[in-house]
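Notes to accompany the following structure.
The values are calculated or read from the model by the stated rules, or taken from the named source; none is laboratory data. Quick caveat: nothing in here was measured; it's all calculated off a predicted structure. Cβ coordinates were reconstructed from backbone atoms using ideal geometry, including for glycine residues, and neighbour counts include every protein chain displayed. Heads up: the accessible areas ignore ligands, DNA and RNA and are worked out on the full protein's heavy atoms, side chains in. Shrake-Rupley method; radii C 1.70, N 1.55, O 1.52, S 1.80 Å.
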Amino acid sequence: MVVSLIALVGIVSGIFGWQRVRGARDNQALQARFQEVNPHIGEITESISALGNLEPYLRVEVKPEVDGKVERIFVKQGELVKKGQRIVKIDPGDLPVILKQAEAGVLSARAKLNKLLAGPDASDVAQMETSYEQARISLDDAKKQLARDEALFHNGAISEQQFQDSRSRVKLAEQQFIAAKEKLDSARSGPKKEDVEVARAELAQAEANLASIKRQMDSLTVVAPIDGTITDVAVQEGDVVKQGATLVTLADLTKMKAVIPVNEIDMPKIVPGQQVAITLDALPGQRFHGKVSSVGYEGQIRDNIVTYEVTADIPNPDGKLRGGMTADVTVILQSKKDVLVLPVDALQERYGRTIVLVAGQDGPVPRNVKVGLRNDSFVEIVDGLSEEDRVLIRETAQQMTPSGYSDTRAPFRSFSGTRVPSGNQFRINMGVPRH
C-alpha cells in the first residue's frame, strides 16, 4: 500500500513537472516569434516628399524696344553682370535724322505758343491799324465805283459783265475789311483762349514725339535690368531683330526655387515658412535647405489625382544649383525633440485602442499606449511606456526560419537617438536591422 502511494505521488509529480517544462518551452517558442526593442528619447519628424525641378528665383528675358540690326554683343553665356551694364547695341539706322527733325518740331511749336501768349508789339499793332484803314478805304472806293457802274449799266454805257465785275470787287473789299478788323481787334484784346489751347496741344504733341525718339535712341543700347548671370545668348552680331524678340536670358542664381506637386490630401498641412530639405541627382551626397514660400490655390488634375503646386525657396550663394535640375524635396511638417519614440510596427489597433506588446515573465503582455506624432517608420509615445520597457515587434515572414524561430543573422539593435535619412524622409535609427 505504501509502495503504491509513493508510486502515485511520483506519477502525479512527473505529470505536473512535464506540464511546467512544456509551458516554459511554449513561452520560449512564443517569445522567439518577436524581436525586442527599447523605446528611447529622441527626435521624430513628419514630412511630405515629392519630385520637382529647380528654377531661378528671378529669370528675365531681355528684349529690344526697337527693330534693328545687332551691332555689338558685350556679354557671353555664364558671365556675371550688374544692373545697368551694357549687353547688346542695336544699329541706330535713320533714328539720328528723325531725332533732329523732332527737336526742330518742338522748337517751332514752342515759338508759336510763346508768340501767341506774348501778343503783338506796338509796331505790329500800328501795321494792323494801317492795314485796317487801307481795307476800309478800298471798300469805300469799291462801293462808289459800283454806284457809278450801276448808273452806266442802266444807261447802256457798260456791259453787264463790267457791272458784275464791279460788284465782285465790292464783295472782295468787304472780306478784306472784315479780316483786317478782326485781326486788329484780336491784337488789341489779346489771344483767344482756344488759339492758346491749340498751340499748347501742338507743343505737347511735338514734345511727346521727341521723347519717344529719345527713348528709342537710348534703347539702342540694351542694359541688364537686374544683377545676375547670363544663362543664354540668343542672337549674334549682324542679326536683324524685332521688338519682343529675346536677345539674352538673365537670371538671379543666388536663390533658386523648387516647384513640386502635392496631393490634395496633404495640402492642408503645408503653410509658407515650413522648412524643406532638398537632394539632387546631380549633386549626390549633398543636402540643401530652404523654406516654403508659396502654396498654390488652383488644383491640377492628372490621372484623376488632384495636386497643387508648392514652391520652396533655396539659397544658392555658391552657385552649385542650376535651373532644370531634378530636386527631391522634403517638406518638414512637424518635428519634435526629446520625446519617447518607438517603431510604428510595434503598434496594434484593437477595439479603438492602441496597444503594444511588452515582454513579461510569462510571455507578451498587452499594454495600452497613447501616441502622438508619427511617420512611416516611427511613432511618438505620449503615455504608457518608459525607456526600461522591452517592447515586442512581431517578426515578418522574411525574419522567420522554417522552424518558426528567429533568424539570428538579423538581430535588432536598440534605438540610438540619432536621425538618419531614408529616401526623402528623416527617419529615426531605431529598430533598424543590421546587415
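Within the stretch 90-105, being in contact with a strand residue (DSSP E or B) (Cβ under 6 Å, 6 or more places away or on another chain) and surrounded by 17 or more Cβ atoms within 10 Å (Cβ to Cβ) holds for one residue alone: Ile90. With respect to the conditions (1) free of Cβ contacts under 8 Å to residues at least 24 places away in the same chain; (2) open to solvent by less than 60 Å² (accessible area, probe 1.4 Å); (3) outside any helix (DSSP H, G or I), Ala157 falls short on a single one, namely (2). The residue of the stretch 366-384 that is nearest to the chain's Cα centre (by Cα), among those that are closer than 19 Å to Arg350 by Cβ and of a type in the set (A, V, I, L, M), is Val379. Does any residue of the stretch 145-153 turn out to be out of contact with any helix residue (DSSP H, G or I) (no Cβ under 9 Å at 6 or more places or on another chain) and among the basic types (Lys, Arg)? The answer is no, given that none of the residues of the stretch 145-153 is out of contact with any helix residue (DSSP H, G or I) (no Cβ under 9 Å at 6 or more places or on another chain) and among the basic types (Lys, Arg).
Residues in the stretch 78-95: is at least one more than 30 Å from Phe177 (Cα to Cα), under 54 Å from the mean Cα position of the chain (by Cα), assigned to a helix (DSSP H, G or I) and touching a residue at least 60 places away in the same chain (Cβ under 8 Å)? For the stretch 78-95, residues more than 30 Å from Phe177 (Cα to Cα), under 54 Å from the mean Cα position of the chain (by Cα), assigned to a helix (DSSP H, G or I) and touching a residue at least 60 places away in the same chain (Cβ under 8 Å): present. Of the strands (runs of 3 or more DSSP E) lying entirely inside the stretch 317-435, the ones with 1 or more residues being at pLDDT below 70 are found at 419-422, 425-428. Taking (1) closer than 30 Å to Ser47 by Cα; (2) modelled with pLDDT of 95 or more in turn, Pro284 satisfies each apart from (2). Testing Pro64 on (1) open to solvent by less than 80 Å² (accessible area, probe 1.4 Å); (2) modelled with pLDDT under 90; (3) outside any strand (DSSP E or B); (4) in contact with a strand residue (DSSP E or B) (Cβ under 9 Å, 6 or more places away or on another chain), one condition comes back false. Which one is that? The number of the failed condition is (2).
What's the total number of residues in the stretch 187-242 that are part of a helix (DSSP H, G or I) and among the small types (Gly, Ala, Ser)?
So the count comes out to 10.
Inspect the stretch 68-87 for any residue being within 30 Å of Gly363 (Cβ to Cβ) and out of contact with any Gly (no Cβ under 8 Å at 6 or more places or on another chain) and give the result as yes or no. Within the stretch 68-87, not a single residue is within 30 Å of Gly363 (Cβ to Cβ) and out of contact with any Gly (no Cβ under 8 Å at 6 or more places or on another chain).
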